[in-house]
Amino acid sequence: MWIFTKTGFLSVIEAAPEHGEDLMVVRARVRSDLAKAFPGKRIFVKSERDYRFRAFVPRSEVKQYVWEAVDAIDYTNFKDAAAPNPASPRHRAYMQVWQAMADLQNHSAPGRPWGMAPAPRAKLTDDHVVDPWRRDSPLPIEERRAKRKPLRKRNKGKKLLTRGR
């Protein structure tokens, strides 16, 4: 399970039986994310693994952490709450996750209803990320509108219908 919170990103899996009963492996790419989530837990460093930092945590403690993380939600936009500095590497990473999931939503859904436009691509620049759907985007309104392509579909009479912007 991937868990994104204001304090970091974690991946949680069940520990192999030889590590003990009812244990989870909580993994992180950034050591401080794991240390903030489970202070006092021993963090193992495995540089050859995809998640470098790991801790063995009882399932009950992981459940409590998730419960408290849900209780702590006090924002209306996760990316801005978790990484308020648009120039930060974390904000850039979260925007890339957002974009990948938007692409999945808009391109991979079989039988998607007509009218679903592909998600606009976020611009990744050297110093910040520009989300073209945000009202406070630094892109001019004309450029944001130009990114939205008109949707086309044919009706039963084979006449082309277009939604203009």
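Annotations for the structure displayed:
- Wholly within region 1-115, strands (runs of 3 or more DSSP E) carrying at least 1 residues that are at pLDDT 95 or above and under 16 Å from the mean Cα position of the chain (by Cα): 2-5, 8-14, 23-28
- Candidate set from region 56-87 (those that are in contact with a Lys or Arg (Cβ under 7 Å, 6 or more places away or on another chain) and touching a residue at least 60 places away in the same chain (Cβ under 8 Å)); member that is surrounded by the fewest Cβ atoms within 10 Å (Cβ to Cβ): ALA81
- Output for region 9-41, where each listed residue is touching a residue at least 40 places away in the same chain (Cβ under 8 Å) and in contact with a Lys or Arg (Cβ under 6 Å, 6 or more places away or on another chain): SER11
The values are calculated or read from the model by the stated rules, or taken from the named source; none is laboratory data. None of these values were measured; they are calculated from a predicted model. Don't worry about glycine lacking a Cβ; one is built from the backbone with ideal geometry, like all the others, and counts go over all protein chains shown.
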